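Report on the structure given below.
The values are calculated or read from the model by the stated rules, or taken from the named source; none is laboratory data. Model, not experiment: these values are computed from the prediction. Quick reminder, even Gly has a Cβ in these numbers, built from the backbone with ideal geometry, and neighbours come from all protein chains shown. Heavy atoms of the whole protein, side chains included, go into the accessibility calculation; ligands, DNA and RNA do not. Shrake-Rupley method; radii C 1.70, N 1.55, O 1.52, S 1.80 Å.
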Amino acid sequence: MNQTLAAQLLFALYALVILAGGLAAVLARNLVRAMVGLVMTLFGVAGLYLLLNTPFMAFMQILIYVGAVVVLIFFAIMLTRSPAGGEEAKPRAGRQALLAGLAGLAPAAVLGAALLANPLASATRPAEVELKLLGAHLLTSYVLAFELISVVLFIAMAGAVLLGFTRRKGQ
Amino acid sequence: MNLHTLAKSLGVALPLVQMVVGLVALAAFVGLNAVLLVWMERKVAGHFQRRPGPYEVGPWGLLQTVADAVKLVAKQLFTPPGGDRTLFWTAPFTAFLPVFVMLLPLPWSHTLTAFPVNLGLLLILAFAGLNVLALCLAGWGSNNKWALIGAARAVAQSVAYEIPLLLAVLAVVFLTGTLDLGLIVACQGDMPWEWLGASQPLAFVIYVVCAVAETNRAPFDLPEAESELTAGFHTEYSGMGFGLFFLAEYANMIVVSAVATTLFLGGWKGPVLPGPWWFLLKVYALIFLIMWFRWTYPRTRFDQLLNLAWKWLIPLALVNLLATAVLVELA
């Protein structure tokens, strides 16, 4: 099969998976079902990474997001046991739904129009970046961003520990 | 007819043919392996606990599992009322299907790999995480308190044990400098003292403990814990719903043992015998060890389980990783 056509078909498939997952996440009344929608989206994004010839990113996406983050989200859902019929679970009235739909579609329309006006030439097959090169760049050229991420994670962790301790004291 | 001519006559790319043939072979292996391992588990349990195990159906009870499989297939599939039907039936497939992806990059011998991937180790680790998700969905969709408690335990357990497992595996990656399972085997020799398990004994022990916990096998089988939670996350599953979880558990045992073999025990390498035999021998020896654990140790308490991971395995794995990094830099 023609390689370009195959890539386009796969892109369509992954985009469909991402959109379907996103819709499932937004429209679900049940938080766990919304989480499954999120998992679908994450898998679709991993597929896009594969299409960009970056298997490392794709596998890391699955390892970190599906394997760890989603599991933690499930933990949070179970710990909070939010009531199924909360305020957010009610269907929205017509005007609100219309505005929400517009707010969702507007960025897509703007981005789509911009892309159609300036079609990007991305016909060449992207080259796979060697893992060692990627690691070296993360710790030299992009070290600031890399370390900032760890600071964010550290703050989140410290906050979680703090919350845990104050709750224990209150008991 | 070899695969090259087959690919040419079908007019498709060779890797595609390789993948399909590999997947079919792996599917057959997973099915056969489950039948064999269930029988082996009963025999091992029987001999460890001084009872005969199955011996009525077929010679040495060999056909017992076949009879069980027929029973499982014939049973009615039941969805608990009040449960989430979609999630309930998504769960067993989420548990079972990733197994095939995880078996693809394993090197069975010098040339025999279903689908060589240069990030094979990462691929296996990534898809191994889906097992927890399956347990969560099963527990949630069942609308059953035992199942939900089982799911909660599965989450806490897997989050705790995934960290030392990854750290232990990373130590090997530091030594070999690659994530390609074939190349990791190539770094090791035929004899046991040339295996990476000899230079990374602590990582090997940590890996095996975590692997037992990640596959939810006793003494770490808290998500199902029959004596406390009926059957934990799969309480509500009948027939092949349960059957798929079962197949997944035994296939996961193969995966963790095969990865341990590849990383620490020299993979398919060994004297005299050809590669695939050594590989299978080492994998099944490890599985026997895991069964040995199950029928020797009582189930741990939940706080003991978490303390073991957070207070012992993670610090030890970190120290081991640091030492490895220093040694690699010095060498």
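A few notes on this one:
- Ranking by accessible area, most exposed first, for B:PHE88, A:PHE43 with a 1.4 Å probe: A:PHE43, B:PHE88
- Estimated Rh, region B:79-330: Kirkwood, alpha-carbon pairs, angstrom: 18.7 Å
- Sulfur and carbon atoms: percent of accessible area, the protein assembly as shown [1.4 Å]: 73 percent
- Under the convention that each Lys and Arg Cβ holds +1 and each Asp and Glu Cβ holds -1, the size of the dipole of the protein assembly as shown around its Cα centre is about 1000 debye.
- Estimated 222 nm signal from helices in chain B, with DSSP H stretches of n ≥ 4 weighted -39500 (n - 2.57), rounded to 500: -22000 deg cm²/dmol
- When both region B:84-124 and region A:1-73 are represented by their alpha-carbon centers, they are found 17 Å apart.
- Loop-located chymotrypsin sites (Phe, Trp or Tyr not before Pro) in region B:49-79 (DSSP state other than H, G, I, E, B) with a sparse environment of at most 15 neighbouring Cβ atoms within 10 Å: B:TYR55, B:PHE78.
- A:LEU16-B:THR86 pseudo-label distance in nm [points 7 Å out on the Cα-to-Cβ vector]: 1.7 nm
- With loop membership from DSSP and a limit of 15 other Cβ atoms within 10 Å, the longest segment of chain B without trypsin sites (Lys or Arg not before Pro) is B:76-300.
- Solvent-accessible area per residue for the protein assembly as shown (1.4 angstrom probe, square angstrom): 55 Å²
- Cα point-scatterer Debye curve for the protein assembly as shown, base-10 log of I(q)/I(0) at q = 0.12, 0.13 Å⁻¹: -1.33, -1.55
- Label sites at B:HIS4 and A:LEU102, each approximated as a point 7 angstrom past Cα along Cα to Cβ, lie 6.5 nm apart.
- Kyte-Doolittle mean at least -1.0, axial Cα span of 20 Å or more - DSSP H helices of chain B: B:14-48, B:145-176, B:239-264, B:275-296, B:314-330
- Placing +1 on the Cβ of every Lys and Arg and -1 on the Cβ of every Asp and Glu, with no other charges, gives region B:84-219 a dipole of roughly 520 debye about its Cα centre.
- For region B:6-110, the alpha-carbon radius of gyration amounts to 1.49 times the rule-of-thumb value 2.2 N^0.38 Å expected for a compact globular protein.
- Sorting B:TRP39, B:TRP108 on solvent-accessible area from highest to lowest, probe radius 1.4 Å, gives B:TRP39, B:TRP108.
- The lysine pair tally for the protein assembly as shown, using Cα distances under 28 Å and a gap of 8 or more places or different chains, is 9.
- Rounded to the nearest angstrom and listed largest first, the equivalent-ellipsoid semi-axes of region B:55-170 from its Cα gyration tensor are 29, 25, 14.
- Distance histogram for region A:1-76 (every C-alpha pair counted, 5 angstrom bins, percent rounded to whole numbers): 4, 17, 22, 22, 17, 10, 5, 2, 1, 0
- By accessible area with a 1.4 Å probe, ligands and nucleic acids excluded, highest first: order of B:LEU37, A:LEU115: A:LEU115, B:LEU37
- Chain A: relative contact order as a whole-number percent, Cα under 8 Å and 6+ apart: 16 percent
- Dipole axis of chain B (+1 Lys, Arg; -1 Asp, Glu on Cβ), positive-most option in B:MET40, B:PRO274, B:ALA134: B:MET40
- P(r), alpha carbons of chain A - 5 Å bins starting at zero, rounded %: 1, 6, 9, 13, 15, 16, 16, 11, 7, 4, 1, 1, 0, 0
- Relative contact order computed over region B:79-330 (Cα-Cα under 8 Å; 6+ residues apart), in percent: 26 percent
- Highest mean packing first, where packing is the average number of other Cβ atoms within 10 Å per residue, the peptides A:22-32, B:119-129 line up as B:119-129, A:22-32.
- Chain A - mean residue ellipticity at 222 nm from DSSP helices (-39,500 (n - 2.57) per run, n ≥ 4, rounded to 500): -24500 deg cm²/dmol
- Here, region B:172-306 has an Rg and a Dmax of 16.9, 49 Å when only alpha carbons are counted.
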